[in-house]
Structures are given as structure tokens and as C-alpha cells.
Amino acid sequence: MRHPESRLARSPQPVAFAVVASILSLPVLPEAPAVAADPGAFAALNGLWTGDGTVSRQDGTKTRIHCRAQYVVTDNGTVLQQSLRCGSGADEIHVNTHINDRGGSLSGSWMEEPHNLSGTLSGKVIGDTLSINVAAGGAFSARMSVVTSGRSQSVEIKPNGIKVTDIKVSMSKAP
């Protein structure tokens, strides 16, 4: 018997799931003055992060997901490369993300390997919250809020125009 979440890979939702997964564990970046000796906004993120969450759909169904992200920080902490795997057992994705921080303004790109999907992201830091817009051409867009406190992150994503209505994930940095 197929589980309801196995419909994700066969439905028009893979773009949304891939985009959402690619940004699930993006960090909140502290505002900092642009100083050459500054270690960069991404410096503390280097390493492994894991977490669980839910994907909610218009029909009221919810699917639990588990995510694992490996961050590699370069260029004095201003460039973040992320390899992210998320899934619910039957549905797995692998997304690679590249993000630049230029004085608190974020820009980047992502590629989801199994479905050969890609897109862009942009955003900025507002206090302790990272506000991001995600797009995959005209096929998909979403607004996202990420709050990081120490070694914990909470993420909420609101996709537009698809059957997924809300994604919530909590992530923790491995010791």
C-alpha cells in the first residue's frame, strides 16, 4: 500500500518541496558592521544541522519530514554552501545551495538533483529574523521566516499557489 506522502514525487509538488527543502535550515544572520577582521555572518554555521518538521497541505493532511544539512563556510564567513537531504521515508530529495551575504543582503541559488530543478533566493536580516523570498522561475514562489537562537533554528515557509500551505521545521546544530 502506498502512503499519502508518496504522492509528492508524482504530483506537481516536487518543485515546491525541493525549494522548501533547500532553504529549510538557512540561518538568521546577525547584523554586523563591515570590518575586514569580522569572521562573517555564516562563520558559526559550519558543520552539521538536523531537524524534523511538518508539511501541511490544503486538504488538511500533514507529512512529517526529517532534514540533514551540511554547511561549508568560505570567504571569511560571507559564503555558505549547503548540502541538504530531506524526506519522509518514501520521498527523498537532495538540494545544493549557494548563498552570499553582502552587508546583510542575501542572494543565492539552489539545485535539486533528483528532479533537476533550480531557482534563486534573496532576502535580508530584520532583527533576529531572516526574511527570504524563494523562486523557481514563474513556476513557484514562497516567503520564509527563519529564527536562529544559539544552536537552534525554527523555520516557517508559506508557498504561493500550490497545494502545500505551510512548512515548519526545527533544526539543531550537532555538537
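Observations, loosely collected:
- Residue match in the stretch 98-110 (condition: without any contact (Cβ under 8 Å) to a residue 24 or more places away in the chain, outside any strand (DSSP E or B) and not acidic (Asp, Glu)): no
- Scanning the stretch 111-137 for residues that are at pLDDT below 75 and either β-branched (Val, Ile, Thr) or touching a Gly at 6+ places or on another chain (Cβ under 9 Å) (or both) yields VAL125, ILE126, THR129, LEU130.
For every residue, the table says whether it meets (1) without any contact (Cβ under 8 Å) to a residue 60 or more places away in the chain; (2) of a type in the set (Lys, Arg); (3) under 19 Å from THR63 (Cα atoms); (4) not in a strand (DSSP E or B).
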site	(1), (2), (3), (4)
GLY89	no, no, yes, yes
HIS115	no, no, no, yes
ILE132	no, no, no, no
VAL147	no, no, no, no
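- Any pair with Cβ under 7 angstrom, 6 or more apart, that starts in the stretch 71-83 at a residue that is closer than 13 Å to GLY47 by Cβ and ends at one that is polar (S, T, N, Q) and surrounded by 19 or more Cβ atoms within 10 Å (Cβ to Cβ): TYR71/GLN82; GLN82/THR97
- Looking only at residues in the stretch 153-175 that are of a type outside the set (A, V, I, L, M) and assigned to a loop (DSSP other than H, G, I, E, B), the one that is farthest from ALA69 (Cα to Cα) is GLY161.
- Here ASP38, ASP91, ASP59 are screened, and the one residue that is modelled with pLDDT of 85 or more and not hydrophobic (A, V, I, L, M, F, W, C) is ASP59.
- Among the residues of the stretch 58-68, those identified as assigned to a strand (DSSP E or B) and in contact with a helix residue (DSSP H, G or I) (Cβ under 9 Å, 6 or more places away or on another chain) are THR63, ARG64, ILE65, CYS67.
The values are calculated or read from the model by the stated rules, or taken from the named source; none is laboratory data. Worth saying up front: this structure is predicted, and the values here are computed from it rather than measured. Ideal geometry is used to build each Cβ from the backbone, glycine not excepted, and the neighbour counts take in all protein chains shown.
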